[in-house]
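Heads up: the structure comes next, in structure tokens.
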Amino acid sequence: MHIKSSMAAAGLAILGLLASTASVALTPTEIDASADRALKDFYTLNPTNQDLAGKAVGILIFGKVTKAGVGVAGEYGEGVLRVQGRTVDYYKLMSGSVGLTLGVAKHREIIMFMTQSALDKFTKSAGWSAGGDTAIAVVSQGAGGTYDSATLGKPILGFVFSEKGLIGDLSLEGTKISKIKE
């Protein structure tokens with residue numbers, strides 16, 4: 001019983017840490033700079049990524065997402081939605097889970113909206129969940145993987161890349177994305 005209560009306390013401490021990270025929000029300039037670095041890294045990983053991004057109607061870019069957990073895990077990041085290369089809004093990404101998660105890691109995420117209807121559904125939602133509100137094709141092997149025609153036919157493509165740290169779970173499933181209120 002002592003181990004369970006220790007894990008619960010550690011998990012709550014980690015969630016508290018992530019919640020405090022959310023309260024120290026980045027400025028729009030910092031979010032844009034982080035997104036620019038993430039895009040540059042994304043294009044370097046695979047030469048076809050830039051062509052694919054050029055076909056996207058909109059791109060949601062999270063330059064740094066932090067995930068931590070000891071049994072109970074949390075994830076947080078701030079990003080930007082760009083349409084035709086221009087910033088249109090700022091978003092935050094949050095998730096929580098209970099299970100066999102252990103560690104701390106940082107990574108980058110890019111979500112490409114390949115159709116106007118997929119982008120419209122995202123921008124009109126009060127809070128959007130990857131995997132809950134719509135199907136998202138997560139490209140295997142992060143941003144350096146190859147694409148097949150089935151993947152390219154999906155309306156939303158997700159990339160998790162530049163992982164640093166050690167954690168047992170990296171995915172977009174169950175992630176809640178909502179607009180940052182100013």
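For the peptides 82-93, 29-40, 66-77, residues were scored by their other Cβ atoms within 10 Å and the scores averaged per peptide; the highest-first order is 66-77, 29-40, 82-93.
Here the gap between residue 151 and residue 120, fully extended at 0.36 nm per residue and compared with their Cα-Cα distance, gives a gain of 9.1 nm.
Only lysine pairs 8 or more places apart, or on different chains, with alpha-carbon atoms under 22 angstrom apart are counted in the stretch 18-128, and they number 13. Fully extending the segment from residue 43 to residue 176 would add 45.3 nm, taking 0.36 nm per residue of separation and subtracting the current Cα-Cα distance. For the stretch 103-126, backbone nitrogen atoms closer than 17 Å to the point 7 Å from residue 84 Cα along Cα-to-C-beta are found at 113-117, 119-120. Projected over every direction and averaged, the convex hull enclosing the alpha-carbon atoms of the stretch 63-112 yields 3.6 nm². Per-residue extension of 0.36 nm, minus the Cα-Cα distance of residue 33 and residue 104, leaves a gain of 23.2 nm for this segment.
Run through every distinct alpha carbon pair of the stretch 35-129 and return the Kirkwood hydrodynamic radius in angstroms, one decimal place.
Taking every pair of different Cα atoms in the stretch 35-129, averaging 1/r and inverting gives 14.4 Å.
One Cα centroid belongs to the stretch 38-67, the other to the stretch 98-125; the line between them spans 13 Å.
Each reported figure results from applying straightforward, stated rules to the coordinates on display, with no laboratory input. Fair warning: this is a prediction, and the values are worked out from it, not measured in the lab. Ideal geometry is used to build each Cβ from the backbone, glycine not excepted, and the neighbour counts take in all protein chains shown.
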